[in-house]
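Here the structure comes first, spelled out in structure tokens, and everything after it is commentary.
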């Protein structure tokens, strides 16, 4: 039985693994559209809020006290100034809007989607291929120390906290474990290098590199 051709690749990544950089390079190599920061920006446009506000909710849950209060808001006896669900912008609303953008991008095809639960949103969908990028603790620590030298002494704590936030978002919204191997077709250690990672994905998906047409004037 023939498999549907791969038209969308999702890239989930550990903090500090440089998985985002790999996704950018992969999209450029294939000549595909990249959807990374574009996803929260698209959610912001759909909700009519600023990209700066959306960035505050990117891969984060609302504070516990907000979630607790929202329970009462849904109770008719505790109305929240008469606002409806689609008039309130919070992490749940943003995740819902980003899921719509993920499904839309996948339908259009030829795109690389970075994080934001894309592997969960497209789980089991024909033509999608899901990658999880990880790295050794030392490699992630070195990346963090270069990127944030002022916080170098707390590298491990910051990296762990970031991954914990991502996992909590996926668990809450998709009822899935963010790092579960069953969600992904391929796990890649970024220490192997970007070229080898791209080659591995190309081999697994049978995708060809993007070759722009070159035209020459008749002599």
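The values are calculated or read from the model by the stated rules, or taken from the named source; none is laboratory data. Quick caveat, the model's predicted, so the values are computed rather than measured. When we count neighbours, we look across all protein chains shown, and the Cβ atoms used for this are built from the backbone with ideal geometry, even at glycine.
Figures for the structure shown
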{"read-out": "Wholly within segment 118-219, helices (runs of 4 or more DSSP H) carrying at least 2 residues that are under 22 Å from residue 30 (Cα atoms) and touching a helix residue (DSSP H, G or I) at 6+ places or on another chain (Cβ under 8 Å)", "value": "118-121, 194-205"}
{"read-out": "Every residue from segment 81-117 that is at pLDDT 85 or above and part of a loop (DSSP other than H, G, I, E, B)", "value": "109, 110, 115, 116, 117"}
{"read-out": "Residues (farther than 24 Å from residue 6 by Cβ and at pLDDT 90 or above) located in segment 178-218", "value": "191"}
{"read-out": "Residue in segment 28-60 that is surrounded by the fewest Cβ atoms within 10 Å (Cβ to Cβ), counting only those that are in contact with a strand residue (DSSP E or B) (Cβ under 9 Å, 6 or more places away or on another chain), at pLDDT below 95 and in a loop (DSSP other than H, G, I, E, B)", "value": "37"}
{"read-out": "Residues of segment 3-27 that turn out to be in a helix (DSSP H, G or I) and in contact with a strand residue (DSSP E or B) (Cβ under 8 Å, 6 or more places away or on another chain), as a count", "value": "7"}
{"read-out": "Hits in segment 108-119 (condition: more than 20 Å from residue 202 (Cβ to Cβ) and crowded, with 21+ Cβ neighbours inside 10 Å)", "value": "115, 116, 117"}
{"read-out": "Some residue of segment 136-144 being closer than 30 Å to residue 5 by Cβ and touching a strand residue (DSSP E or B) at 6+ places or on another chain (Cβ under 8 Å)", "value": "no"}
